[in-house]
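Below is one structure; the comments refer to it alone.
Every number in this text was worked out from the coordinates using simple rules, so none of it is lab data. Bear in mind the structure is a predicted one, so any value in this text is a computation, not a measurement. Here the Cβ positions follow ideal geometry from the backbone for every residue, glycine too, while neighbour counts run over all protein chains shown.
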Amino acid sequence: MSEPRITRVAGAIAEAEPLGDAALYELVEVGKKRLLGEVIRIDGDVATIQVFEETSGVGLEEPVRRTGSSLTTRLGPGLLGAILDGIGRPLEGLADRSGNFIAPGATLPTLDPEARWSFVPSIESGATLSSGDVLGTVEERPGLIHRVMVPPGMAGRVADIQQGTFTVSDTIATLDDGSPLRLSHPWPIRERRPMGRRLPGDRPFITGQRVFDLLFPVVEGGSVAVPGGFGTGKTVIEQSLAKYAKADVMVYIGCGERGNEMAEVLHDFGRLTDPVTGRSIMDRTILIVNTSNMPVAARDASVYLGMTIAEYYRDMGYHVAILADSLSRWAEALREIAARLQEMPGEEGYPTYLANRMSRLYERAGRVESEGSAPRTGAVTFITAVSPPGGDFAEPVTQASLRVVGALWALDARLAHQRQFPAVDWDSSYSLYVDGSADWFASEGGADWAKLRTETIRLLQRDRELREIAGLVGVDALEDDDRLVLEGARIAREFLIGQNAFHPHDAFSTVAKTYHLARLLWAFMQTGSEALSSGVGFEKLDLAAVRVAFGAVKTAPPDALDERIAETEQTIADMGAT
Ligand SMILES: Nc1ncnc2c1ncn2[C@@H]1O[C@H](COP(=O)(O)OP(=O)(O)O)[C@@H](O)[C@H]1O
Ligand SMILES: [Mg+2]
């Protein structure tokens, strides 16, 4: 058979023939520049290839080389702290002098081939191992032990295992049949990694955002869609979670959004330290960058790359969070490719398989028991921004997400306009993880956590009804009790669920702080109501002092929090005494 050659190039798509014997999703090198691409359709002798890089300058008749494998990433120590492009190439290594991140055709390995890691075996020669078993450990970053596992599908008796300092491709152990084991192994990113079994979520993913932790919690292993129109705060939420939320490993995927936002992430994340450990947050972070100016086919891959890396750390027994901004840009990449292929379009031009692809992606989140004879429990939590055009949620990407996610954090342009941030619409948002996280919050937050949650929601609902009435008759016509509800809801919006992402002590709320603010709000409502029924008029309540006190709790530095809470308790107790 003659060598395959390019017969057509148009944007991210190329055709080559004869290439009918390639496998679907086989990785190929396209043209003299050896651009990486993936076979996405085979029709007789002709293969259609989506190319992960700029195709300008690629000519007809140039050769196409098969690689024999699908788009694969190497998983091993050195991923933490990495900044990768959509197909797993380290960006720092690729940035050229003109500031463009990538030189075409460069095939830099994901893992530094030169880095040496100190490996300590945890088993001995003669041990019989199966897929997923731990061979030993490497301290990948301070505080994170990287468990070196038998790659999926491999098993056998260990003939030899060594302690020492190795690169990711050195052989550290050999099985009886001669198969080598290394610190790293390849994995095709579009395939989900095997697991032992799925487990229900039983503990919350602490987001540090009160509106989520208190009202719309997510469990470790849960999935959440965050739809919102332009400027409603999706990116700020995703970034706040990546910076402050509690997970062993964070995978942040900047997918098809503006490059300057990603530049900010790179800058911020390099300087931030984890308040608990004092270490750089990059010690637990992997950044995947595929901004709007980068090739669209790689945007498709970037999400699978992030998911694969997350599953890998999950298999070690860690809790990993993936934050993607935004899944809509990923779906748009699918639409663009499908249009180029002249596939039959579905709703709004998206391919008919969109919903199916999306649910398969979301299904890779979860809390699971790993493979292996001593299984570990790990979780992948998936929280993704969705950018519906015009903020209209009745569009395919939002709708497909809603069918599969366990929680919806719906952002509302009106709230964002009022600068009520996070602009989470408490009427349409929901969480199916309330029950799954209730025990944890009751023991770690406070025994009355569930009651405080219900009361806060009730207060906000009551507020909405009253405001409709007040809009008709005026606030002055309302009963004192109702005016107390309006005031309580105002405190709830401003000091309990409102959080300023740019204030050093407000950007993240500990579970204790969230609990106390909710409890103080409840105390305010109780005390206020008692004062009113004992005959104190609403006008006589010292609400200004209460508001100042709540504001002081909200922005209190950690070491002053207890004091501010005590002061607020006192202010509430005194508010009716005139
Ligand atoms: N929690 C927050 N605290 C303060 N300002 C916020 C917060 N969330 C959003 N904002 C403001 O809203 C702007 C738009 O948010 P952004 O996340 O970029 O929106 P989106 O990604 O939905 O387009 C931000 O630049 C910021 O000024
Ligand atoms: Mg954004």
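Applying a DSSP loop filter and a limit of 15 other Cβ atoms within 10 Å to the GluC sites (Glu not before Pro) in the stretch 190-291 leaves Glu191. In a reduced charge model with +1 at each Lys and Arg Cβ and -1 at each Asp and Glu Cβ, the stretch 195-337 shows a dipole moment near 200 debye about its Cα centre.
Charged side chains reduced to their Cβ positions (Lys and Arg at +1, Asp and Glu at -1) give the stretch 445-574 a dipole of some 500 debye around its Cα centre. Multiplying the residue separation of Thr67 and Ala339 by 0.36 nm and removing their Cα-Cα distance gives an extension gain of 95.3 nm. In the stretch 478-578, the ratio of gyration radius to Kirkwood radius, Rg to Rh, stands at 0.99 when only Cα atoms are counted. For Ser125 and Ser428, what does the FRET efficiency come to when R0 = 56 Å and r is the distance between their Cβ atoms, rounded to the nearest 0.05? The pair Ser125/Ser428 has a calculated efficiency of 0.40. Over the stretch 279-414, all Cα pairs binned in 5 Å intervals from 0 give whole-percent P(r) values of 2, 9, 18, 20, 19, 15, 9, 6, 2, 1, 0, listed from short to long.
If R0 is taken as 35 Å, the Cβ-Cβ distance between Arg157 and Arg360 corresponds to a FRET efficiency of 0.45.
Net charge in the neighbourhood of Thr167 (other residues with Cβ under 15 Å of its Cβ; Lys, Arg +1, Asp, Glu -1) is -1. Using the Cβ-Cβ distance between Ala477 and Arg198 with R0 set to 35 Å, the FRET efficiency works out to roughly 0.05.
Ranked for footprinting exposure by Cβ neighbours inside 10 Å, fewest first, Ile172, Ile189 give Ile172, Ile189.
How large is the dipole of the chain about the Cα centre if only Lys and Arg carry +1 and Asp and Glu carry -1, each at its Cβ, rounded to the nearest 20 debye?
The calculation lands at about 600 debye.
Look at where the Cα atoms of the stretch 191-264 and of the stretch 457-478 average out, and the two centres are 34 Å apart.
For a distance above 16 Å, tell me the whole-number percent of Cα pairs in the stretch 5-70 that qualify.
28
By other beta-carbon atoms within 10 Å, ranking Met316, Met307 with the fewest at the front produces Met316, Met307.
For Asp170, the residues whose amide H sits under 5 Å from its own are Leu183, ignoring neighbours fewer than 5 places away on the same chain, with H placed 1.01 Å from N. Normalised size of the stretch 204-434, defined as Cα radius of gyration per 2.2 N^0.38 Å with N residues, equals 0.98. Calculate, in whole percent, how much of the Cα-Cα pair population of the chain lies beyond 37 Å. Counting every Cα pair in the chain, those more than 37 Å apart make up 40 percent. In order along the stretch 22-30, phi translates into HN-Hα couplings of 5, 8, 4, 6, 5, 7, 10, 10, 9 Hz, rounded to whole numbers, per the Karplus curve 6.51 cos²θ - 1.76 cosθ + 1.60 with θ = phi - 60° and x for Gly and Pro. To the nearest whole percent, what portion of all C-alpha pairs in the stretch 298-345 is separated by more than 14 angstrom? In whole percent, the share of Cα-Cα pairs in the stretch 298-345 beyond 14 Å is 58.
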